[in-house]
Amino acid sequence: MTAKRFQLDPQTLSLLQVIESTEEEETRQHAIRDLAMRGGMNAARILIEIFERSMWRTTKFSIIQALGKVRHERAVEFLCQLASDSSDFGMAAEAVLALGISDDPVAGEFLASILRSSEHPLIREALTAVAQLNFFPCEFELKEILATKTSNLPT
């Protein structure tokens, strides 16, 4: 049985090389945004891998923001996982905000789960993220949450 080779198109490969080899932060962030705009499984996979290997916090934040624009379920799953991680509040908050720009139903449901708990530390970010969603599958649930908990929500 022959092994399947993972092939990248030349433009994606070029962006990956810029991200991995450049020392200039602005150039790296621009390449991360360009890769995210290409979208799809390859962009999600590459950005997640770069996130895991990166030692620079600013690069990690850029990748989190970019993953919200990838429009792929793998990116949304990764962002939900980051948002659930309480060991790094800053990254979790950024992941919640990135879910707001993903326009994914799973992201909407995840954000609604945060809003159900008035004691959740990321409720403010979740409110901001829900406001950014163009498509929100849980609008009736959100209406009930806001109607019953408006006194408990942060101002």
Taking the convex hull of the Cα atoms, report for region 75-125 its projected area averaged over all directions, in nm². 3.0 nm²
If you take the Cα atoms of region 23-74, find Rg, then find the Kirkwood Rh from the mean of 1/r over all pairs, what is Rg/Rh? 0.93
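Gain in length, residue 148 to residue 85, computed as 0.36 nm per residue apart minus the alpha-carbon separation, to one decimal in nm?
20.0 nm
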When the chain is fully extended, how far beyond the present Cα-Cα distance does residue 132 get from residue 7, taking 0.36 nm per residue of separation? 41.5 nm
Give, in nm to one decimal, the length gained when the segment between residue 20 and residue 119 is fully stretched (0.36 nm per residue of separation minus the Cα-Cα distance). 31.7 nm
Accessible surface of region 1-72 [probe 1.4 Å, protein heavy atoms]: carbon and sulfur percent: 52 percent
Dipole magnitude of the chain, debye to nearest 20 (Cβ charges: Lys/Arg +1, Asp/Glu -1, about Cα centre): 220 debye
So for the chain, taking the charge dipole from beta-carbon charges (+1 Lys/Arg, -1 Asp/Glu), which of 64, 44, 82 sits furthest toward the positive end? 44
Just the C-alpha atoms of region 19-155: what Rg/Rh do they give, with Rh taken as the Kirkwood radius? 1.01
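How big is the dipole moment of region 5-89 about its Cα centre under a simple scheme where the beta carbon of each Lys and Arg is +1, that of each Asp and Glu is -1, and everything else is neutral? Debye, nearest 20, please.
260 debye
The values are calculated or read from the model by the stated rules, or taken from the named source; none is laboratory data. Keep in mind that this is a model prediction, so the values were computed, not measured. Note: ideal-geometry Cβ built from the backbone for every residue, glycine included; neighbour counts use all protein chains shown. Side chains included, ligands, DNA and RNA excluded: accessible areas come from the protein's heavy atoms. Shrake-Rupley method; radii C 1.70, N 1.55, O 1.52, S 1.80 Å.
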